[in-house]
Ligand code: PMT
């Protein structure tokens, strides 16, 4: 791990889940704990970066020396992301792809009838950042349960990213809410697999790799 490889670089990370309100007491969400994103924020701060961590609801304390911005929904996360663009953006959050078309003002009462909730697409945060006029070096994650590398490479292209971190979340030892992870980092001209390790160790390896690719891109 190269010390201070990101000295003074402004870096933004999204982490954790988003919550999409159904009514004042219910929401749609997912199993992201924030552990991977928070570990990346800590590793980036250790590497000298000025880190903003945009976090969905998590039971974790913000790492020291990190500016933490708490958000709830995907729309809030997008606004916060655009307000805190730096030189590198890492999208580790598990953003809900859909939200209820409107959140009810009052608690929805049950009845004998079945019910359905109409959903609309949420904005894609990492794609919006990658097409911004002040585009940072943009890194996404791909959480997949099958054909992991194939879908990750598709997302790298489709979302116009500089790098994607493919995460096989069909294995409960790695991925959502686990303490460990194993990933393959893919960029336009290469890829490397990082074997199973704690999220803390893996985050340090990923930050070193991201720093290397960021510096290479600037030099080319
Ligand atoms: O939080 P943990 O419990 O530690 O778990 C870590 C993790 C499994 C959440 C993490 O390693 C991970 O894989 N994060 C990405 C989760 C995800 O939602 O992936 P996706 O394949 O659905 O999305 C692809 C990329 O687009 C991601 O960078 C995501 O942040 C981004 N995205 C997705 C939808 C959306 N509306 N906006 C986005 O920016």
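The values are calculated or read from the model by the stated rules, or taken from the named source; none is laboratory data. In this text, all values refer to a predicted model and were calculated from it rather than measured experimentally. When we count neighbours, we look across all protein chains shown, and the Cβ atoms used for this are built from the backbone with ideal geometry, even at glycine.
Tell me which residues, restricted to region 137-147, are more than 10 Å from the ligand (Cβ to nearest atom) and crowded, with 19+ Cβ neighbours inside 10 Å.
Matches in region 137-147: 137 only.
Can you work out which of the residues in region 116-131 that are out of contact with any helix residue (DSSP H, G or I) (no Cβ under 7 Å at 6 or more places or on another chain) and within 20 Å of residue 214 (Cα to Cα) is surrounded by the fewest Cβ atoms within 10 Å (Cβ to Cβ)?
131
Please enumerate the residues belonging to region 6-32 that are crowded, with 20+ Cβ neighbours inside 10 Å and within 16 Å of the ligand (Cβ to nearest atom).
Within region 6-32, 11, 12, 13, 14, 15, 16, 17, 18, 19, 20, 32 qualify.
Would you pick out the residues in region 183-209 that are under 21 Å from residue 156 (Cα atoms), within 13 Å of the ligand (Cβ to nearest atom) and crowded, with 17+ Cβ neighbours inside 10 Å?
183, 184, 185, 186, 202, 203, 206 - these are the residues of region 183-209 that are under 21 Å from residue 156 (Cα atoms), within 13 Å of the ligand (Cβ to nearest atom) and crowded, with 17+ Cβ neighbours inside 10 Å.
Here are some conditions: (1) within 16 Å of the ligand (Cβ to nearest atom); (2) under 30 Å from residue 216 (Cβ atoms); (3) in a loop (DSSP other than H, G, I, E, B); (4) in contact (Cβ under 8 Å) with a residue 40 or more places away in the chain. Residue 53 meets all but one. Which one does it not meet?
(3)
Can you list residue pairs whose Cβ atoms sit under 8 Å apart, with the first residue in region 120-147 being farther than 17 Å from residue 95 by Cβ and the second being within 8 Å of the ligand (Cβ to nearest atom) and at pLDDT 95 or above? Count only pairs 6 or more apart in sequence or on different chains.
From region 120-147, the pairs are 135/129; 136/129.
Looking at region 112-220, what strands (runs of 3 or more DSSP E) fall wholly within it and have at least 3 residues that are modelled with pLDDT of 95 or more and within 17 Å of the chain's Cα centre (by Cα)?
It comes to 137-144, 163-168, 180-187.
State all residues of region 91-102 that are within 14 Å of the ligand (Cβ to nearest atom) and buried (at least 16 other Cβ atoms within 10 Å of the Cβ); if no residue qualifies, say none.
91, 92, 93, 94, 95, 96, 99
This table checks each residue for (1) under 20 Å from residue 207 (Cα atoms); (2) without any contact (Cβ under 8 Å) to a residue 24 or more places away in the chain; (3) buried (at least 18 other Cβ atoms within 10 Å of the Cβ); (4) more than 9 Å from the ligand (Cβ to nearest atom).
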residue: 47; (1), (2), (3), (4): yes, no, yes, yes
residue: 64; (1), (2), (3), (4): yes, yes, no, yes
residue: 72; (1), (2), (3), (4): no, no, no, yes
residue: 89; (1), (2), (3), (4): yes, no, yes, yes
residue: 104; (1), (2), (3), (4): no, no, no, yes
residue: 114; (1), (2), (3), (4): no, yes, no, yes
